[in-house]
Amino acid sequence: MPSESMPKQLWRQVRVFDGLKQLDEEMAVLVAGGRIAGLWPEKDFDDSSVPDAVEAGRGGVMTPGLVDCHTHLVYAGNRAGEFEQRLEGVSYEEIARAGGGIISSVRATRAASEDDLIAASLPRLDALLADGVTTVEIKSGYGLSVESELKMLRVARRLGELRPVRVLTTLLGAHALPPEYAGRADDYISLICEEMIPAAVAGNLADAVDVFCEGIAFSPAQCQRVFEAAKTYGLAIKAHAEQLSNLGGSALAARYGALSADHVEYLDEAGVRAMAEAGTVAVLLPGAFHVLRETQLPPIELLRQYGVPMAVASDANPGTSPICMPTLMANLACTLFRLTPREALAGMTAHGARALGLPELGRIAVGAPADMCLWDIQQPAELAYAVQAGRLRQRVFNGEVTHAC
Ligand code: DI6
Ligand code: FE
């Protein structure tokens, strides 16, 4: 924890992307007590005004710590075999309907102990941290029983204790229908509403609830029951919606005040309007689009027109996005979805934070928590332009430099 006794730290001559835009001039940035305490154009800065500060860095590009607002980081096994099947022409839906896909990761995850899951997930978390992540959301959804979903959420919480990173957890019981409930999807939804959500809340294991609203998963009516239960228990709401077809899941989630609707490739204008009215963030997941070789683009221009904030996240998962490199997501958001580099970076900072209900994060602003990255590049746009590991010079979490190269 940051303490008052920690010395004040000063970064000099940095180019700042503040979470929404690049500042025009080189800046000096002061951190004290775990927060950003001062931000001045370098040319106006008088260092005798903070005689007790130590210089922590000079030059480079400073961004907020990256916020990966949508991951499925905790799972056992892998699905390389399905990757090969898909390359031979079998679709993601066909694999799912044949009992593979998400359910194959469920089998492996149910069989794994908490320690197994920690061991499998830590390298993935470390990869995110090495690429600048300071806040990550982690979903359950490969347990699909009360006990196994809680196990996944406990693992996610433990990951946040093992590493200097903020972990937000999301209960995704409604990810797929577990085999033992075949033909009884409504009963499984009852289990989620009546047992899983209350147990997750009792154990303080979940910050939000998520659903997969899709033909191969759950109907809008079933998702609505989960949202009702989430509301009753005071949990935030998120949705995987309009990923493979348009069922109106995003508009439904927006009506429940959802923090975000995620994927949204098949989102229509009515859905965009509903999200704009509710302040629901659109979370774009270009990794899944890329891996599934999707062709239906999310309605980026409509989202812009309606002023819906667009976040960008990794969706790190064993099926559709086995990729733990957030800066690659910025690149894919630009190359595949035609976001500008500025939009992509805002999507991984300020808007990602908003998609988690934490608007004070993802900003370089006086008073904000000092989660920051210092990159060895000249311009913020380079983060989206080049795909290259090792550019992170320092990662600062809560005012402490945790990674230094
Ligand atoms: N959509 C996705 O892309 C991931 N979950 C979801 O609802 C895929 C998860 C998986 O295939 O394991
Ligand atoms: Fe996902």
Seminar exercise, completed: Flagged in the stretch 21-44 as hydrophobic (A, V, I, L, M, F, W, C) and either out of contact with any Leu (no Cβ under 9 Å at 6 or more places or on another chain) or not in a loop (DSSP other than H, G, I, E, B) (or both), in numbering order, are 27, 28, 29, 30, 31, 32, 36, 37, 39, 40
Exercise. Among the residues of the stretch 179-192, is there at least one that is touching a strand residue (DSSP E or B) at 6+ places or on another chain (Cβ under 6 Å), buried (at least 24 other Cβ atoms within 10 Å of the Cβ) and touching a residue at least 40 places away in the same chain (Cβ under 8 Å)?
Worked result: no
For this session: Determine whether residue 295 is more than 13 Å from the chain's Cα centre (by Cα), within 16 Å of ligand 2 (Cβ to nearest atom) and among the polar types (S, T, N, Q).
Result: no
Exercise. Quick one: is residue 366 in a strand (DSSP E or B), touching a residue at least 24 places away in the same chain (Cβ under 8 Å) and among the β-branched types (Val, Ile, Thr)?
Worked result: no
Seminar exercise, completed: Selection from the stretch 126-184 of residues within 18 Å of residue 208 (Cα to Cα), hydroxyl-bearing (Ser, Thr, Tyr) and either touching a helix residue (DSSP H, G or I) at 6+ places or on another chain (Cβ under 6 Å) or within 16 Å of ligand 2 (Cβ to nearest atom) (or both) yields 140, 142, 148, 169, 170
Exercise. Which residue out of 77, 101 is within 16 Å of ligand 2 (Cβ to nearest atom) and on the phi > 0 side of the Ramachandran plot?
Worked result: 101
Seminar exercise, completed: Screening 350, 365, 330 for residues that are of a type outside the set (D, E, K, R) and more than 16 Å from the chain's Cα centre (by Cα) leaves only 365
For this session: Test residue 400 against the criterion of being under 19 Å from the mean Cα position of the chain (by Cα), charged (D, E, K, R) and either buried (at least 24 other Cβ atoms within 10 Å of the Cβ) or under 26 Å from residue 53 (Cβ atoms) (or both), and give yes or no.
Result: no
For this session: Name every residue in the stretch 193-225 that is of a type outside the set (Asp, Glu), within 16 Å of ligand 1 (Cβ to nearest atom) and in contact with a strand residue (DSSP E or B) (Cβ under 8 Å, 6 or more places away or on another chain), in order of residue number.
Result: 208, 209, 211, 212, 213, 217, 218, 219, 220, 222, 223
For this session: Among the residues of the stretch 65-99, count how many are within 12 Å of ligand 1 (Cβ to nearest atom), under 29 Å from residue 281 (Cα atoms) and either part of a loop (DSSP other than H, G, I, E, B) or hydroxyl-bearing (Ser, Thr, Tyr) (or both).
Result: 7
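Residue-by-condition table, conditions (1) of a type in the set (A, V, I, L, M); (2) at pLDDT 95 or above; (3) more than 29 Å from residue 90 (Cα to Cα):
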{"site": "273", "(1), (2), (3)": "no, yes, yes"}
{"site": "285", "(1), (2), (3)": "yes, yes, no"}
{"site": "292", "(1), (2), (3)": "yes, no, no"}
{"site": "305", "(1), (2), (3)": "no, yes, yes"}
Exercise. Which of the residues spanning the stretch 126-160 are buried (at least 20 other Cβ atoms within 10 Å of the Cβ), among the acidic types (Asp, Glu) and more than 16 Å from ligand 1 (Cβ to nearest atom)?
Worked result: 131
For this session: Being over 26 Å from residue 90 (Cβ atoms) and in a loop (DSSP other than H, G, I, E, B) is the filter; apply it to the stretch 322-343 and report the residue that is farthest from ligand 2 (Cβ to nearest atom).
Result: 340
For this session: Need at least 1 residues that are acidic (Asp, Glu), surrounded by fewer than 19 Cβ atoms within 10 Å (Cβ to Cβ) and free of Cβ contacts under 8 Å to residues at least 24 places away in the same chain per element, so show me which helices (runs of 4 or more DSSP H) inside the stretch 208-321 make the cut, counting only ones lying wholly within it.
Result: 269-278, 300-305
Seminar exercise, completed: In the set 228, 269, 265, 277, the lone residue that is modelled with pLDDT of 95 or more, within 16 Å of ligand 1 (Cβ to nearest atom) and out of contact with any strand residue (DSSP E or B) (no Cβ under 6 Å at 6 or more places or on another chain) is 265
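The values are calculated or read from the model by the stated rules, or taken from the named source; none is laboratory data. No experiment lies behind these values; they were computed from the predicted model shown. Counting neighbours? That spans all protein chains shown, and the Cβs are built from the backbone with ideal geometry, glycine included.
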